[in-house]
Each structure stands twice: as structure tokens, then as C-alpha cells.
Amino acid sequence: MKIKKKRGPTPTLVKPPAHRPKGKYVLRLFVAGATTRSRQAVLRVRQLCETELKNNCTLEVIDIYQQPALARKNQIVATPTLIKELPPPACRFIGNLMNTAGLFVELDLIPPDKIAV
């Protein structure tokens, strides 16, 4: 004889509101060598930390050629890749970091409806 377990209602998934979360940001930037694209990505993210995050962040720059184990562990398939570890939720921004509006939205720094096109 099988006993059926009662199940409660399924919780709904709600995306947190897009606003600047409180707390320190922890960012990881994965680059491939000392190429022009890598240097531009590093400069762009440092600029983001200084201007938008008011130096309220920790930036770790990881060269996938020098630390391939970290690239495998973080499942990096393309560079540059920026990962926001903290505050939750973690998210990734892959590719061209010159699109600041898209970068700000993906990192939940500003709401998508506040972007001027």
C-alpha cells in the first residue's frame, strides 16, 4: 500500500527588484592575457567601481592563461567575463563591457526602465 504525501503550494519565484543592493560588491573579472580588449575591460570595471559603486567593491582580475583552474571552476567559456559574487543574486556579464547601460542593468545597479535610449 502506497501512502501519498500531501504537498503544499509551489512557491512562486520572484525576481528581486532592480536597485542598488546594500553592502560591499565582490566582482571577479576574467580576462585572456594582456590584450587590448583585456586592458579595456579592466579599465572599464575599475571605472565602474570608482564612479558608480563609490569604491564600495572588491575587484579580482583573473587571467585565464595564468590561472586556468579558476577558469574551469567558474565555467568561463568566453572573455572578458564579469561575475558579481556579492551581494546576491550572483550574475555574469559576458563580452563587450563598453555597453555601460547593459552592464548596469545586468549588475542590478539601475532598473531597466530608467535607461535613456
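The values are calculated or read from the model by the stated rules, or taken from the named source; none is laboratory data. The model shown is predicted, which means the values in this text are computed figures rather than measured ones. Cβ sites come from the backbone with ideal geometry, for glycine too, and all protein chains shown count toward neighbours.
A few points about this structure:
- Residues in the range 71-98 that are in contact with a strand residue (DSSP E or B) (Cβ under 9 Å, 6 or more places away or on another chain) and free of Cβ contacts under 8 Å to residues at least 24 places away in the same chain: Val77, Ala78, Ala90, Cys91, Arg92, Phe93, Ile94, Gly95.
- Identity of the residue in the range 1-36, buried (at least 17 other Cβ atoms within 10 Å of the Cβ) and at pLDDT 90 or above, that ends up farthest from the chain's Cα centre (by Cα): Ala32
- The residue pairs whose first member lies in the range 25-53 and is under 21 Å from Val77 (Cβ atoms), whose second member is in a helix (DSSP H, G or I) and of a type in the set (A, V, I, L, M), and whose beta carbons are closer than 6 Å, counting only pairs six or more residues apart or on different chains, are Leu29/Val45; Val31/Ala41.
- Extreme residue, modelled with the lowest pLDDT, among residues of the range 96-117 that are surrounded by 15 or more Cβ atoms within 10 Å (Cβ to Cβ) and outside any helix (DSSP H, G or I): Ile110
Per-residue answers, yes or no, for (1) farther than 14 Å from Leu107 by Cβ; (2) buried (at least 19 other Cβ atoms within 10 Å of the Cβ); (3) within 15 Å of the chain's Cα centre (by Cα):
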{"site": "Leu48", "(1), (2), (3)": "no, yes, yes"}
{"site": "Thr51", "(1), (2), (3)": "no, no, no"}
{"site": "Leu59", "(1), (2), (3)": "no, no, yes"}
{"site": "Ile64", "(1), (2), (3)": "yes, yes, no"}
{"site": "Gln75", "(1), (2), (3)": "yes, no, yes"}
{"site": "Thr79", "(1), (2), (3)": "yes, yes, yes"}
{"site": "Leu86", "(1), (2), (3)": "no, no, yes"}
{"site": "Phe93", "(1), (2), (3)": "no, yes, yes"}
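- The range 37-71, subset assigned to a helix (DSSP H, G or I) and aliphatic (A, V, I, L, M), residue modelled with the lowest pLDDT: Leu48
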